[in-house]
Structures are given as structure tokens and as C-alpha cells.
Amino acid sequence: MTNIDAISRYAVRFEASGWAVINIATGDLAVVGGVRQRDLLLEDADDVAKHLNIQERS
């Protein structure tokens, strides 16, 4: 699972249908290219969260 630290905005959360990427500040699903990031495999959700957090730091 993605580590949450002081500068991470996105994390993964398990839901009934799979893993989702959420904005930790709002609890909303992350949206990439107009697609809500849910129903993912854990590895995919981790990758999306990692890339979104890298973009936030840039």
C-alpha cells in the first residue's frame, strides 16, 4: 500500500470492487483523463497514486 507522508496528497483505499485512488484531503476519488480511479488492481492503484503525488511535488 502507498505510504502516506506529509507531502502526499493521494493514497489508495480498498473498496468492495477493488482498489481506488483517493485525494486524502477531500476523500474524493482521483480523476485521471476524465476517468475516476477505482476498481483497480493494487499495483495499478499504487502506480497511479505515486505518479499523482510526484506531479503534486513538481
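For the structure I just gave you, tell me whether LEU29 is among the aliphatic types (A, V, I, L, M) and free of Cβ contacts under 8 Å to residues at least 12 places away in the same chain. Yes: the conditions hold for LEU29. Only one of the numbered conditions (1) in contact with a helix residue (DSSP H, G or I) (Cβ under 9 Å, 6 or more places away or on another chain); (2) at pLDDT 95 or above is not met by ALA45, and that is (1). Among what's in segment 19-58 and is under 12 Å from ARG9 (Cα atoms) and assigned to a loop (DSSP other than H, G, I, E, B), pick the residue that is least open to solvent (accessible area, probe 1.4 Å). Only one residue tops the list, namely ALA30. Can you confirm whether segment 25-39 contains a residue that is modelled with pLDDT under 95 and not acidic (Asp, Glu)? Yes: one or more hits.
The values are calculated or read from the model by the stated rules, or taken from the named source; none is laboratory data. None of these values were measured; they are calculated from a predicted model. Virtual Cβ from ideal backbone geometry, glycine too; neighbours counted across all protein chains shown. What goes into the accessible areas is simple: the full protein's heavy atoms, side chains included, and nothing from ligands, DNA or RNA. Shrake-Rupley method; radii C 1.70, N 1.55, O 1.52, S 1.80 Å.
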